[in-house]
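Shown next, in structure tokens, is the structure this report addresses.
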Amino acid sequence: MKGSFQVILIVVFIALAIFGVLVFSGAIPIGDSSNEPGGLGTVVLWGTVDSGAMSPIFEEFNKTNTTFSVQYVQKSSDTFDQDLLEALSEGKGPDLIFLPEDLAFHYANKIFPFPYQNYSLASFKTTFAGAGEVFLTKRGILALPIGIDPLVMYYNRSMLDANGVIYPPAFWDELEKLVPVLSKKDDSNKIIKSAVALGHFSNVTHAKDILSALFMQAGNSIVAEKNGTFQSVLDASSLKYDLASVLQSYTDFANPNKEVYSWNKSFPESSVAFSKEDLALYFGFGSELKSLVNRNPNQNFSASPIPQIRNSTSKLTGARVMGVAVLFSSKNLNTAFVAANFMVSTDFASKFASAALMAPARRDLLAVKPPDAFSPVFFSSALFGRSWLDPSRKDTDDIFRRMVDGVLSNSMTAGEAIRDASAKLGLLLLK
């Protein structure tokens, strides 16, 4: 895919012109979730959400919408990309997909965007939480958000209680002060219980997501669209906080000479260490709750929002986002767009979020928090969650890994590591 989108702009403009004619003629009621006729026949939707959980939701959805139906096909998350590309090349692809935000850039030239003329930017921002804005581009809306999976901080209540810690840290400076309190060492000065898993990359679950959240809290959007092209802004200089200092603070948690030293490569994956109760604070996604409970049903843990920068005027956490996207190759565009609109309506979106172990993307649904112990944290975190347009999950993992390892090995300063990572990210966005 051409990262700048310039290669496909002519095709897109022609397609949007045709699409506009259909919309203004009333054939495709974009932006209207009222139950009006418009969709006919069956459209196929691919996704990675468990079909067992989705089947009853779609069964009810199809009964409600009598003029059209959606056939849901579950695909493996490991082979989704390959399966879709092969199907599209053979002309057998689906009409719609549940699109995760980290594949939005990758599939941008295969998606038929929702035009702003018919789904206004104001309406989008009024309807959906900010994390969904990752799907906004100059040429239209790549997908309508349906679910948000926020990054939160799970904490071992027993470990905090045993050390006299009343509340989990709400700010990063509070967390730093807790490290010497919660980390425990043996007689040889080896850490046997860690306060928090930060500093390294290889054995810190979601290291890239954690670093991305830190960078975005500092005011850096990581990727930005300028004049129709996507560019890396990791090394942008006009920031409230210096990103090099943010990266340095992260790696300090793996530096034995620092007060905040709490993590090293001798520990297992941080998610495993948390479930073994060798880790007090674990940064994970809301969707992990079920797996964490299953891994250690006797563990006494809870969740809170991730720490914020003290005196910041806003809150922010990282988030994964799922959207409903229409493919260019659909043989029933009219019904595909109608179905997409109905799926992000209140009823279906609420049931989808629950089935996918996510918080809903709609603001009105986030306003009504379930009364269990965890959902209020997940819902509130989803409201201030943010994401970025990742050009390649695997490649950016490598870029962030090298950035962290470069600082830890002293082969690069934090500033050099940021600039190097930005340059490599910029090249990815051009491919």
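Pairs spanning more than 21 Å between alpha-carbon atoms, out of LYS190/LYS258; LYS193/LYS290; LYS276/LYS394; LYS190/LYS276: LYS193/LYS290; LYS276/LYS394. Give me the base-10 log of I(q)/I(0) for region 229-277 at each q in 0.17, 0.20, 0.22 Å⁻¹, Debye formula, one uniform scatterer per Cα, rounded to two decimals. One equal scatterer on each Cα of region 229-277 leads to -0.71, -0.80, -0.85.
The H on the amide N of PHE301, modeled in the peptide plane, is under 5 Å from the matching H of ARG157, each at least 5 residues off or on a different chain. Have a look at ALA122, SER275, PRO370 and report the one farthest towards the positive end of the charge dipole of the chain, computed about the Cα centre with Cβ charges (Lys/Arg +1, Asp/Glu -1). The one lying farthest along the dipole's positive direction is ALA122. Taken one residue at a time, the phi angles of region 60-69 give Karplus couplings (6.51, -1.76, 1.60, θ = phi - 60°) of 5, 4, 5, 5, 5, 9, 6, 8, 8, 9 Hz. Gly and Pro are set to x.
Debye sum, Cα scatterers, the chain, no solvent: what log₁₀ I/I(0) at q = 0.07, 0.08 1/Å? The calculated log intensity ratios at q = 0.07, 0.08 Å⁻¹ are -0.36, -0.47. By the compact-protein rule of thumb, 2.2 N^0.38 Å, the alpha-carbon radius of gyration of region 370-410 corresponds to a ratio of 1.84.
With θ set to phi - 60° and the Karplus curve 6.51 cos²θ - 1.76 cosθ + 1.60, what are the ³J(HN,Hα) couplings of region 261-278 in order, to the nearest whole Hz, using x for Gly and Pro? Ordered by residue, 3J(HN,Hα) equals 4, 8, 8, 8, 6, 6, 7, x, 3, 4, 5, 5, 4, 5, 5, 7, 6, 9 Hz. Would you mind checking the tilt of helix 243-252 against the longest principal axis of the Cα atoms of the chain, expressed as 0 to 90 degrees and rounded to 10? The angle comes out near 50 degrees.
Projecting the Cα atoms of THR335, LEU430, TYR241 onto the charge dipole of the chain (Cβ charges, centred on the Cα centre) puts TYR241 farthest toward the positive pole. Considering only DSSP beta bridges where both residues belong to the chain, give the percentage that are antiparallel (nearest 5). Of all bridge pairs located within the chain, approximately 70 percent are antiparallel. Coupling constants for region 357-371 follow from the phi torsions by the Karplus curve (6.51 cos²θ - 1.76 cosθ + 1.60, θ = phi - 60°), and in residue order they are 6, 10, 8, x, 8, 6, 5, 5, 6, 5, 6, 10, 8, x, x Hz; glycine and proline get x.
Placing a pseudo-label 7 Å from each Cα along the Cα-to-Cβ vector at ALA367 and ARG393 gives an inter-label distance of 3.4 nm. On a C-alpha basis, how far is the centre of region 133-153 from the centre of region 320-375 in Å? Whole number, if you could? Result: 11 Å between the Cα centres.
Here's how it looks for PHE171: its modeled amide H is under 5 Å from those of GLN308, which are all 5 or more places away or on a different chain. Extension gain for the segment SER375 to GLU86, taken as residue separation times 0.36 nm less the Cα-Cα distance, is 100.2 nm to one decimal.
In region 162-216, the C-alpha radius of gyration followed by the widest Cα-Cα span (Dmax) gives 13.0, 40 angstrom. Taking only the Cα atoms of region 27-171, the radius of gyration and Dmax are 19.7, 64 Å. With 17 Å as the cut-off, how large is the P(r) tail for region 254-337, expressed as percent of Cα-Cα pairs? That fraction is 67 percent. Rg and Dmax of region 382-431, both derived from C-alpha coordinates alone, stand at 12.5, 39 Å. Just to check, using Stokes-Einstein with a Kirkwood Rh over alpha carbon pairs, what's the diffusion coefficient of region 104-219 at 20 °C and 1.002 mPa s in µm²/s? Estimated diffusion coefficient is 119 µm²/s. For region 341-431, the Cα gyration tensor yields ellipsoid semi-axes of 38, 17, 10 Å (square root of five times each eigenvalue, largest first, whole Å). Gyration tensor analysis over the Cα atoms of region 179-294 returns equivalent ellipsoid semi-axes of 31, 18, 10 Å (largest first, whole Å).
Amide H contacts for PHE128 (H built 1.01 Å from N in the peptide plane; partners 5 or more residues away or on another chain; cut-off under 5 Å): ARG363. Secondary structure note: in region 33-143, about 25% of the DSSP beta bridges are antiparallel. The packing ranking, built from the mean of other Cβ atoms within 10 Å per residue, places the peptides 367-375, 256-264, 337-345 in the order 337-345, 256-264, 367-375, highest first. Given +1 at the Cβ of Lys and Arg, -1 at the Cβ of Asp and Glu and no other charges, the dipole of the chain around its Cα centre is 420 debye to the nearest 20.
Taking the mean number of other Cβ atoms within 10 Å as a proxy for protection, how do you rank 313-319, 165-171 from highest to lowest? Don't skip to the end; give the middle numbers.
Values: 313-319: 19.9, 165-171: 15.3.
Packing proxy ranking, top to bottom: 313-319, 165-171.
Every number in this text was worked out from the coordinates using simple rules, so none of it is lab data. What you see is a predicted model; the values in this text were computed from it and never measured. Here Cβ is always computed from backbone atoms with ideal geometry, including for glycine, and neighbour counts include all displayed protein chains.
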